[in-house]
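Bear in mind these aren't lab numbers, they're just calculated from the coordinates by the rules spelled out. Just so you know, these numbers come straight off a predicted model, no measurement behind them. Neighbour counts are summed over all protein chains in view; Cβ atoms, including those assigned to glycine, are modelled from backbone coordinates with ideal geometry.
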Amino acid sequence: MLHRRVYQFLIIYFTGLAALMLMKYSLHLSDYTIPGVTEIWTTCRRYFALYLMAVLNTLCVAILGHLLSICMATIVGIIGRLTIWIGSFIRVAAYNIQAYPIVAVAPIIFILLGDGLSSRLLIAAMICYFPLLLSFIGILSEPVKEIEHFFESTRRMNWGLQVKIRAFENIHKLITVIVGSATLAMVGTIVAEFIAANAGIGYSIRIALYQSDLAKILVALFLIGICTSIYLVFLEWLGWFIKKRFGTI
Amino acid sequence: MRLELKELNYKYPGSVGDVFRQLNCQVTEPGFHALFGPSGVGKTTLAKVIAGDIRGFGGEINLQRIHQILYTYNLERIPGWYCIREHLESITPESNRQRLQDLVDSFGLQPCLNSRFSQLSLGQQNRTNLARYLLQDFDLLIMDESLANVDEITKEKIILKIKALFPQRCFLYISHNVVEVSKFCKQILVLRSHHKAPQAVSLQGQDFNGQRVLKEKDLEQSMLEIVNAS
C-alpha cells in the first residue's frame, strides 16, 4: 500500500518537474525563473533537514486538526441525526455554512488568535470539518431499518446504540471520507501557515516565494507529498484494521 | 385473547388507491394463525398497522389480553459486531434464559453460534432472527415471511416447536405457501383486494401439531377453500 502511494506520488512529481525543465529549456528561461536540476539538487541537500522538520511540524498540526474535526463532526452529526427541530436546524445550518470559504474567514481568525498554533489548528480543522460533517450527518441520520427494527420493537434502542449501528453499517464510507479529508487537513494547515504563521512548511514556502526561490518550493513540495502519502497510508491501514477487527472484510 | 379489526380504512400518504376499505376481521383465541393473500394485497401493511408501526388509519383495533405485539420480517439483520451467541445472550431477558438453548437446538442454530450474521445462509439468518423474537416477552407475534429460505423439514420442525412452546400466545404467520398455511394454522385470514367485499375472509386450517394423523382429504379441502377465497 505504502510503496504504491509513494510510487504514484513520485511519478506525478517527476512528471511535473520534467514539464518544468522542458519549459525552461524550450523557452530558454533563466535560472532565476526556473532553476536547473543542479541548483534544485544543491538546494535539496542544503534545506532537506530543515524542511523535513517543517513538514513534520505541519503534519503534526494537520493530524491534530484532523482529529479535532472528526470529533466535532461526530458530535454535530449525532445531534444532527435527531428528527426534532434541533437536528433539522443543524442539518440546514451545516449545508449553508459549508458553502462559505474558510480561507476567506481565515484573516478574522488570525486577527483574533494571532499567528500561533491555535490559528493553524483551527483553520486546518475547519477546512476538513465540513466535508466530514456532511458525510457524518448523512450517515448518522439515515436509519438502518432492518437492524434497528428489533431494538425499537423491544424498546432497547437508545441514542448510543443507534449511532453505533449506523456508523458500523457505513464503516466503509466513514473510513473513505476520513482518509479523503486527511489531505484537506494538510492543505488547510499549509494554507493557514502560508497566510500568517511563524512555523511549518507553509511559512517556509511563503519565505521562498518572497525570495522567488523555486528550488526551495520544489523541495518543499517533494517533502509535503511524501509525508502526506505516508499519513494517508497509515489512515488506510487503520481503516483496514478496524474493518478486519469487526469482520466487515 | 382477542384481536379485532373493525372497519379499517387506510391508504398510504400521497397514494391514490386505498389499501383497506371497511376491513373487518378478528382472531379470538391463542394459537398459530395465518394471514394469507396474493402479493401486494396489503398483508405487510396490515401487520404494521396491528403492530403500531403505521398510524393514521381509520377504524378501530380492539385488543383484549394482548399487551405486547411484536412484528418481525425476513429481511431483518443482526448488528455486525456481534457473533450470534453474543447477540442472543445480550437480548434474552433473564426470565427467558432457559428457553434460549432449547430454541438454539430446535432451530438448528448450534453450528452458527460463533459466526457473524453476514456469514450465515439466508435460511440460517431467518431462523436466527425468528429465534431472537421468540426469546422476548410477547402476546402476539406477527411473522412476516419469517421462514422464507428454510427447507420444508426444518420449517415443519420449527413451527411444531413454536406451537408446543407457546400454546397460550397468539401468532400471525404471513406466508404465500398455501400448503403450510392450511396444514399448520388454526385460523386463516385471507386478505383480498379492496375491490372485493368482504376484504378479509376467515377460514379454518388443519392446525396440525404433530400429534395426530392428518387426513390428506381434509388438507386438500382447506387448500381449496383458501385458493377459492383469495
Filtering chain A for DSSP H helices with an axial alpha carbon extent of at least 27 Å and a Kyte-Doolittle mean of at least -0.5 returns A:2-27, A:37-80, A:117-140, A:171-195, A:214-245
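Can you tell me which of A:17-26, B:180-189 comes out highest on packing, and rank the rest after it, using the mean Cβ neighbours within 10 Å? Walk me through the intermediate numbers first.
On the way: A:17-26: 12.7, B:180-189: 23.6.
The most tightly packed comes first, giving B:180-189, A:17-26.
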GNM flexibility winner over chain B from B:Thr44, B:Thr28, B:Thr72 (Cα, springs under 10 Å): B:Thr28
At 7 Å along the Cα-to-beta-carbon direction for both B:Asn24 and A:His172, put a label point, then send me their distance in nm to one decimal. 5.3
Can you report the principal axis dimensions of the range A:103-161 using only the alpha carbons, biggest first, rounded to whole angstrom? 54, 17, 13
Alpha carbon centroid spacing (whole Å) that separates the range A:66-107 from the range B:115-130: 38
Among B:Phe208, B:Ser175, B:Val27, flag the residue with its Cα farthest along the positive direction of the charge dipole of chain B, charges on Cβ as +1 for Lys/Arg and -1 for Asp/Glu. B:Val27
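Rank the residues B:Cys170, B:Cys83, B:Cys112 as a footprinting-exposure proxy: fewest other Cβ atoms within 10 Å of their Cβ go first.
Taking fewest neighbouring Cβ atoms as first place, the list is B:Cys83, B:Cys112, B:Cys170.
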Reduced to Cα centres, the span from the range A:25-56 to the range B:13-51 in Å works out to 77
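Mind listing which chymotrypsin sites (Phe, Trp or Tyr not before Pro) in the range B:54-162 are in a DSSP loop and have 10 or fewer other Cβ atoms within 10 Å?
Working: sites: B:Phe57, B:Tyr71, B:Tyr73, B:Trp81, B:Tyr82, B:Phe107, B:Phe117, B:Tyr133, B:Phe138; in loops: B:Phe57, B:Trp81, B:Tyr82, B:Phe107, B:Phe138.
Here no loop site has a sparse enough neighbourhood.
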Taking every residue in A:145-155, how many Cβ atoms of other protein chains lie within 10 Å of its Cβ, on average? 6
Quick numbers on the range A:144-249, Rg and Dmax over C-alpha atoms in Å, give 21.1, 69
Provide the FRET efficiency to the nearest 0.05 for the B:Gln168-B:Asp102 pair, computing r from the beta carbons and using R0 = 22 Å. 0.85
About the Cα centre of chain A, how large is the charge dipole given +1 on each Lys and Arg Cβ and -1 on each Asp and Glu Cβ? Please answer in debye to the nearest 20. 560
Between the range B:143-218 and the range B:74-91, what's the alpha-carbon centroid distance in Å? 27
Residue-averaged [θ]222 nm for chain B, counting only DSSP H segments that reach four residues, each worth -39500 (n - 2.57): -10000 deg cm²/dmol
Assign unit charges at the C-beta atoms only (+1 for Lys and Arg, -1 for Asp and Glu), then state the dipole size of the protein assembly as shown relative to its Cα centre in Debye, rounded to the nearest 20. 340
For chain B, what is the relative contact order in percent, using Cα pairs closer than 8 Å and at least 6 residues apart in sequence? 26
Which shape class applies to the range B:76-175: rounded if a/c is under 1.5, otherwise prolate when a/b exceeds b/c and oblate if not, where a ≥ b ≥ c are the square roots of the Cα gyration tensor eigenvalues? oblate
For the protein assembly as shown, what proportion of DSSP beta bridges, expressed in % and rounded to the nearest 5, is antiparallel? 50
Sorted from fewest to most neighbouring beta carbons within 10 Å, what does the list B:His176, A:His66, B:His67 look like? B:His67, B:His176, A:His66
Principal axes first, then extents: for the Cα atoms of chain A, list largest minus smallest coordinate on each axis, whole Å, largest first. 76, 44, 30
Before rounding to the nearest 500, sum -39500 (n - 2.57) across all DSSP H runs of length at least 4 in chain A and divide by the residue total; then give [θ] at 222 nm in deg cm²/dmol. -28500 deg cm²/dmol
Tally Lys/Arg at +1 and Asp/Glu at -1 over every other residue whose Cβ is under 13 Å from the Cβ of A:Lys216; what's the total? +1
Likely footprinting exposure, A:Arg155, A:Arg206, fewest C-beta neighbours within 10 Å first: A:Arg155, A:Arg206
How much space per residue, in cubic angstrom, does the convex hull of the C-alpha atoms of the protein assembly as shown take up? 208
Which residue, A:Leu221, A:Phe110, A:Ile178, has the largest displacement toward the positive end of the dipole of the range A:2-245 when charges sit on each Cβ (Lys, Arg +1; Asp, Glu -1)? A:Ile178
Percent of beta bridges antiparallel (DSSP, chain B, rounded to nearest 5): 50
Taking the Cα centre of chain B as origin and charging only Cβ (+1 Lys, Arg; -1 Asp, Glu), how large is the dipole, in debye to the nearest 20? 140
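Across the residues of A:220-227, average count of Cβ atoms on other protein chains within 10 Å?
Per residue, the average neighbour count from other chains is 0.
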